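Read-outs: derived from the displayed coordinates by stated rules, not from any lab. Nothing here was measured: the structure is a model prediction, and the numbers come from that model. Heads up, the Cβs are rebuilt from the backbone with ideal geometry, glycines too, and the neighbour counts pull from every protein chain shown.
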Amino acid sequence: MKGSPARGGAAYATGMRAETLACAALTRDGWTILGRRLRTGAGEIDIAAERDGLLALVEVKARPTLTAAAFALLPRQRARLLAAAEILLDQNPGWGRAGTRIDVMLVDAAGTVRRISDAVRLGD
């Protein structure tokens with residue numbers, strides 16, 4: 001049944017697992033995790049990570065397959081991410097001295113993680 005507490009709890013657990021896997025992948029690639037589940041008035045940024053002054057604001061999408069995850073980021077969510085990124089950058093002026101981008105990390109049911117770098121841009 002859609003919207004049931006059991007389903008919501010399972011979705012939350014899946015999302016948390018996917019974010020943990022995404023953070024582990026970022027850390028392995030030399031990124032420092034600055035924050036997780038960063039709430040703003042426009043929405044939430046799943047992960048903020050920085051490497052060599054480059055800030056990546058990361059949206060994590062977990063689905064049974066990587067393909068399904070890749071198609072899960074809808075235009076309304078992209079707009080929300082851009083608005084949340086703007087607020088987060090205003091609140092943290094020291095972040096991203098070498099630039100900022102929005103990445104999407106895809107996680108499938110097997111725990112495979114793929115990153116799409118610079119996946120969301122103003123005007124998309």
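Axis angle, to the nearest 10 degrees, between helix 75-91 and the longest C-alpha principal axis of the chain: 40 degrees. Recomputing Rg and Dmax of the Cα atoms in Å from the coordinates shown identifies the correct label among (1) 14.2, 46; (2) 27.5, 104; (3) 12.9, 38 as (1).
If R0 equals 22 Å, the separation of the Cβ atoms of Thr27 and Asp52 corresponds to a calculated FRET efficiency of about 0.90.
Once the chain from Arg115 to Ala11 is taken as fully extended at 0.36 nm per residue, the excess over their C-alpha distance is 35.4 nm. Only helices enter the 222 nm calculation for the chain: every DSSP H run of n ≥ 4 contributes -39,500 (n - 2.57), and dividing by all residues gives -12000 deg cm²/dmol, rounded to 500. Here the Karplus curve 6.51 cos²θ - 1.76 cosθ + 1.60, taken at θ = phi - 60°, turns the phi angles of the range 60-73 into couplings of 9, 10, 10, 8, x, 10, 5, 4, 4, 5, 5, 8, 7, 8 Hz, with x standing for Gly and Pro.
Quick one: check the C-alpha center-to-center distance for the range 59-98 versus the range 16-42, whole angstrom. Measuring centre to centre over Cα atoms gives 11 Å.
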